[in-house]
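First comes the structure, then the notes that go with it.
The values are calculated or read from the model by the stated rules, or taken from the named source; none is laboratory data. Being a predicted model, the structure only gives us computed values, none of them experimental. Glycine gets a Cβ as well: all are built from the backbone with ideal geometry, and neighbour counts include every protein chain shown.
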Amino acid sequence: MVVNRSRLQWGRRLAVAAAAAAGCIGALGADAATQANGALLPRDSVEAAVFRGGLVYANYCVTCHGINADGNGRAARLHTPRPANLRASDKNNTYIAMIVRRGGEAVGRSPGMPPWGEELTDEQVNDLVAFVRSVNARP
Ligand code: HEC
């Protein structure tokens, strides 16, 4: 399946994820979890992984990396270096999963990027990678 990389689509997904994280999932959230014909997204599809990843992102990452995944979250100014602009990341899937699990310090970067390996399941980390890929401007 081809991931829809249009900004409108991912922006909408993230907005839905943020709404869900805030506890107000409703018709909008239910709609985003379904396909155009109203059927649920297949569990193993890339689209479903991106949707789940958006929910994880909205819970764990948005304060630093921001609602637009551009590194401008509400807590971003507390960090030097600033949280990465995930839309412009040149890192591959393996690296993204590694820094998410182990944190910045373990990979020779800032401790401002926390380690999430104890907190998140493998599925959540993989879903986050799918989410980052979906918002990433790089091919
Ligand atoms: C407390 C703030 C904070 C939170 C929360 C946070 N990050 Fe980060 N993140 C950072 C900082 C700061 C950096 C930059 C580290 C550096 O440049 O040394 C970073 C870097 C990254 C990078 C490296 C990108 C690149 O191109 O090099 C990825 C990927 C990443 N974060 C993903 C995530 C994900 C996914 C989550 C949620 C599970 C998350 N971060 C939560 C602060 C945060």
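Before moving on, here are some points about what is shown:
- ALA21, sole failed condition from (1) at pLDDT 55 or above; (2) within 30 Å of GLU105 (Cβ to Cβ): (1)
- Test: residue in the stretch 29-41 that is part of a helix (DSSP H, G or I) and surrounded by 18 or more Cβ atoms within 10 Å (Cβ to Cβ): yes
- In the stretch 95-124, the residues that are closer than 14 Å to CYS61 by Cβ and part of a loop (DSSP other than H, G, I, E, B) form no Cβ pair under 8 Å with any partner that is among the hydroxyl-bearing types (Ser, Thr, Tyr) and more than 10 Å from the ligand (Cβ to nearest atom), whether six or more places apart or across chains.
- Residue match in the stretch 60-69 (condition: more than 25 Å from ASP122 (Cβ to Cβ), of a type in the set (Val, Ile, Thr), more than 8 Å from the ligand (Cβ to nearest atom) and crowded, with 16+ Cβ neighbours inside 10 Å): yes
- Screening LYS91 on (1) within 12 Å of the chain's Cα centre (by Cα); (2) not in a helix (DSSP H, G or I) shows it passes everything except condition (1).
- Contacts under 8 angstrom Cβ, first residue in the stretch 32-59 being hydroxyl-bearing (Ser, Thr, Tyr), partner exposed (fewer than 12 other Cβ atoms within 10 Å of the Cβ) and not in a helix (DSSP H, G or I), 6 or more apart: THR34/LEU40; SER45/MET1
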